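Colleague: Submitted below is the structure of interest, expressed as structure tokens.
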Amino acid sequence: MDAADLAFAGLARQAQLIADGEVSSRELVDVALARIERIDPQLNAFRIVFAERARTEAEQADARRGAGAGEAAERPLLGVPIAVKDDMHVAGEITAQGTAAVVTPSPVDSEIVRRLREAGAIVIGKTNVPELTMWPFTETATYGATRNPWDLDRTPGGSSGGTGAAVAAGLVAAGTASDGLGSIRIPAACNGLYGLKAQKGRVPIAPATEDAWHGLVHYGTLTRSVADTALFLDVVADRPSWGSFSDAAASAPGQLRIALSFKVPPPLMAPLAAEVRAGVEGLADLLRSLGHAVVERDPDYDAAAVARGLSRYTRGILDDLRAKERPDRLERRTRAMARLGRLTPASLVARSRAEEAAFTQRVSAIFDDVDVVLTPALTSLPLKVGQFEGRGALWTFNGCGRFVPHLGPWNMTGNPAASIPVGFTPEGVPLAAQLVGRPGDEATLLKLSAQIEAERPWADRRPAIAA
């Protein structure tokens, strides 16, 4: 297996190769570091790379593997390098969150990082994010613009854009991601990856609390395949009552009832690009050919509740700004968004939190009749890098809302939702759709996603830059 094939082998395969002794962790880490050194200057996916630390930990992983056969079972990611999004803590490093406003290193790992280390994974570096993780593109005054490996003129999305670019380019097989209004699903859609936002609370966000963005924030991963996402979640997530994520991804979904919806959740409004519609309709046709019943039906969105839910985002930005040591170093647009947060009444946020259960029940009533909801992931192709350069807060906020309107309501309800690739434009730009499940039912999404992937594989396709 040559270096590129090893880099693109995927999380589960890399772990198995190490467990079987076919490749060492040190060899795999060296491949990743060499690719980062060669490719990342064009992408700017990583804010910081822990090269020497990763090599040392790889040698320790190889020693552990040599010490006993039980290591593979106890440490399912033993020796595999992964990336950490730079809104999560790595002990001894600053959690920059896309800013120059943080100066003190974190004393602890985030719980998701701790669980990854416990499973044997090696943190190879931290990936770039937009300032305070607030945008669906990854461009900052402090760390520059991160680019899409499929088209360097386009964004890899946000806020997990650095992780998305790194995984798509084969710099790592997986990385952590977080999702406050779509930030797992957006970079998955932009980069031709699989991105599952698990049920709210399934993946712990400690030391952050449930009040992060007033209940909108979910943690997870970006990977190239459904099986890799399932393995990652088996490591970091609290075990659901229905069993393991990997077992679900390996199971057939049966015949499902699927609602196809192009409705933009009010009060948002956005046109849908023809290429995006065609990709989603193509997936619907595939699902019908697989024996699923696909009907056109819209969730019962509540415009006022969605609008109130967005108040949790603006107040969350204000909370993040207030927690920074040097807020004077933040971008002007960021400070303007914080002013919007100050103008947002606390009572509006409280009302949104109080009505969350009722809103979830209303929107999820569609699952009385169907098993999965199918929508667009994005309304257009990935944005051009610099599209909002120099624009003010309101202009950027409204423009971004038109780009990703189908995603945010499922953060407000907490339902599991996934972005899944549905092909490419003739120019090679990824297209994606969103699959949404009933509360707590990641299993059905994984089963259906794996079936789709088996019929129309995407993980074997590589960006030209990553050859």
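Colleague: Answer yes or no: is there a residue in region 170-177 that is in contact with a Lys or Arg (Cβ under 9 Å, 6 or more places away or on another chain), closer than 18 Å to Val226 by Cβ and assigned to a helix (DSSP H, G or I).
Modeller: Looking for residues that are in contact with a Lys or Arg (Cβ under 9 Å, 6 or more places away or on another chain), closer than 18 Å to Val226 by Cβ and assigned to a helix (DSSP H, G or I), one finds none in region 170-177, hence no.
Colleague: Which of the residues spanning region 350-382 are of a type in the set (Gly, Ala, Ser) and buried (at least 20 other Cβ atoms within 10 Å of the Cβ)? I'd like the intermediate steps shown before the answer.
Modeller: Of region 350-382, the ones of a type in the set (Gly, Ala, Ser) are 350, 352, 354, 357-358, 364-365, 377, 380.
Ser352, Ser364, Ala377 - these are the residues of region 350-382 that are of a type in the set (Gly, Ala, Ser) and buried (at least 20 other Cβ atoms within 10 Å of the Cβ).
Colleague: Consider region 126-146. How many of its residues are more than 25 Å from Gly408 (Cβ to Cβ) and buried (at least 24 other Cβ atoms within 10 Å of the Cβ)? Working first, answer last.
Modeller: Of all residues in region 126-146, those more than 25 Å from Gly408 (Cβ to Cβ) come to 126, 141-144.
Still in the running and buried (at least 24 other Cβ atoms within 10 Å of the Cβ): 126.
The number of residues fulfilling the criteria is 1.
Colleague: Here are the criteria: (1) buried (at least 19 other Cβ atoms within 10 Å of the Cβ); (2) farther than 25 Å from Pro204 by Cβ. Tell me which single one Thr56 does not satisfy.
Modeller: With respect to (1) buried (at least 19 other Cβ atoms within 10 Å of the Cβ); (2) farther than 25 Å from Pro204 by Cβ, Thr56 is out only on (1).
Colleague: Can you list the helices (runs of 4 or more DSSP H) found entirely within region 4-73 that contain at least 2 residues being at positive phi and not charged (D, E, K, R)? If you could, list the steps in order and put the result at the bottom.
Modeller: Details: elements: 11-19, 25-43, 51-67.
Answer list for region 4-73: none.
Colleague: If I filter region 323-334 down to residues being out of contact with any Gly (no Cβ under 9 Å at 6 or more places or on another chain) and surrounded by fewer than 15 Cβ atoms within 10 Å (Cβ to Cβ), which single residue comes out as nearest to Trp395 (Cα to Cα)?
Modeller: Asp328
Colleague: Shifting gears a bit: Go through Val84, Val102 for me and flag whichever is in contact with a Lys or Arg (Cβ under 9 Å, 6 or more places away or on another chain), within 14 Å of Gly125 (Cβ to Cβ) and touching a residue at least 12 places away in the same chain (Cβ under 8 Å).
Modeller: Details: Val102 fails: within 14 Å of Gly125 (Cβ to Cβ).
Matching residue, one of Val84, Val102: Val84.
Colleague: So if I check each of Ala270, Ala274, which one is hydrophobic (A, V, I, L, M, F, W, C), surrounded by fewer than 21 Cβ atoms within 10 Å (Cβ to Cβ) and under 30 Å from Thr344 (Cα atoms)? Outline the logic, then answer.
Modeller: Details: Ala274 fails: under 30 Å from Thr344 (Cα atoms).
Exactly one of Ala270, Ala274 is hydrophobic (A, V, I, L, M, F, W, C), surrounded by fewer than 21 Cβ atoms within 10 Å (Cβ to Cβ) and under 30 Å from Thr344 (Cα atoms), namely Ala270.
Colleague: May I pose another question? Suppose the filter is in contact with a strand residue (DSSP E or B) (Cβ under 8 Å, 6 or more places away or on another chain), of a type outside the set (A, V, I, L, M, F, W, C) and at pLDDT 95 or above; does Asp151 pass it?
Modeller: On the way: in contact with a strand residue (DSSP E or B) (Cβ under 8 Å, 6 or more places away or on another chain): no; of a type outside the set (A, V, I, L, M, F, W, C): yes; at pLDDT 95 or above: yes.
Against the criterion (in contact with a strand residue (DSSP E or B) (Cβ under 8 Å, 6 or more places away or on another chain), of a type outside the set (A, V, I, L, M, F, W, C) and at pLDDT 95 or above), Asp151 does not qualify.
The rows are residues; the columns are (1) without any contact (Cβ under 8 Å) to a residue 24 or more places away in the chain; (2) crowded, with 23+ Cβ neighbours inside 10 Å.
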{"position": "Cys190", "(1), (2)": "no, yes"}
{"position": "Leu196", "(1), (2)": "no, yes"}
{"position": "Pro204", "(1), (2)": "no, no"}
{"position": "Thr209", "(1), (2)": "yes, no"}
{"position": "Thr221", "(1), (2)": "no, yes"}
{"position": "Ala230", "(1), (2)": "no, yes"}
{"position": "Arg239", "(1), (2)": "yes, no"}
{"position": "Asp247", "(1), (2)": "yes, no"}
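Colleague: Consider Ser380 carefully, then state whether it is of a type outside the set (Asp, Glu), out of contact with any Cys (no Cβ under 9 Å at 6 or more places or on another chain) and under 26 Å from Arg147 (Cα atoms).
Modeller: Working: of a type outside the set (Asp, Glu): yes; out of contact with any Cys (no Cβ under 9 Å at 6 or more places or on another chain): yes; under 26 Å from Arg147 (Cα atoms): yes.
So Ser380 passes the test.
Colleague: Based on what the data block shows, is Gly164 under 12 Å from the mean Cα position of the chain (by Cα), surrounded by 24 or more Cβ atoms within 10 Å (Cβ to Cβ) and closer than 21 Å to Ile317 by Cβ? Spell out the reasoning first.
Modeller: Numbers: under 12 Å from the mean Cα position of the chain (by Cα): yes; surrounded by 24 or more Cβ atoms within 10 Å (Cβ to Cβ): yes; closer than 21 Å to Ile317 by Cβ: no.
The answer is no for Gly164.
The values are calculated or read from the model by the stated rules, or taken from the named source; none is laboratory data. Predicted, not measured: the structure shown is a model, and the values here were computed from it. In this analysis, Cβ positions are derived from the backbone assuming ideal geometry, glycine residues included, and neighbour counts consider all displayed protein chains.
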